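Trainee: What follows is a structure written as structure tokens; I'll ask about it next.
The values are calculated or read from the model by the stated rules, or taken from the named source; none is laboratory data. Because the structure is predicted, anything quoted here is derived from the model rather than measured. Cβ sites come from the backbone with ideal geometry, for glycine too, and all protein chains shown count toward neighbours.
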Amino acid sequence: MSDDVDAALTTWWATLVQALGLEDVPADRDAILGLAGEAAHAVVRPAAPLTTFLAGYAAGLAGGSAAAVTAAIERARTAVEG
């Protein structure tokens, strides 16, 4: 990832966290982007946002901890790999 893209994503992450009223987000941005990329390539491009949303929703229902986020991403990754 180029420095410009990384900087833009860092700024966007901070903006979105503030807009959504979140304080701490126990998530690895690169893991989320990786999951999105895998879904886009293995399924179809529009699967990327759907996959990351549903993984985030599942993590929230499971308590929203860092462990819940990691587990949801891994379960989604397994589903993508089919």
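Trainee: When both residues are 6+ apart or on different chains and their Cβ atoms are under 9 Å apart, which pairs have a first residue that lies in the stretch 2-14 and is aromatic (Phe, Trp, Tyr), and a second that is assigned to a helix (DSSP H, G or I)?
Mentor: 13/29
Trainee: Right, another one. What number of residues within the stretch 15-40 satisfy the criterion of being within 22 Å of residue 65 (Cβ to Cβ) and either among the polar types (S, T, N, Q) or touching a residue at least 60 places away in the same chain (Cβ under 8 Å) (or both)?
Mentor: Looking only at the stretch 15-40, we keep the residues that are within 22 Å of residue 65 (Cβ to Cβ), and these are 16-18, 20-36.
Those still in the list that are either among the polar types (S, T, N, Q) or touching a residue at least 60 places away in the same chain (Cβ under 8 Å) (or both) too: 18.
Matching residues across the stretch 15-40 total 1.
Trainee: Any idea which residue in the stretch 10-48 is farthest from the chain's Cα centre (by Cα), counting only those that are modelled with pLDDT of 95 or more and charged (D, E, K, R)?
Mentor: 45
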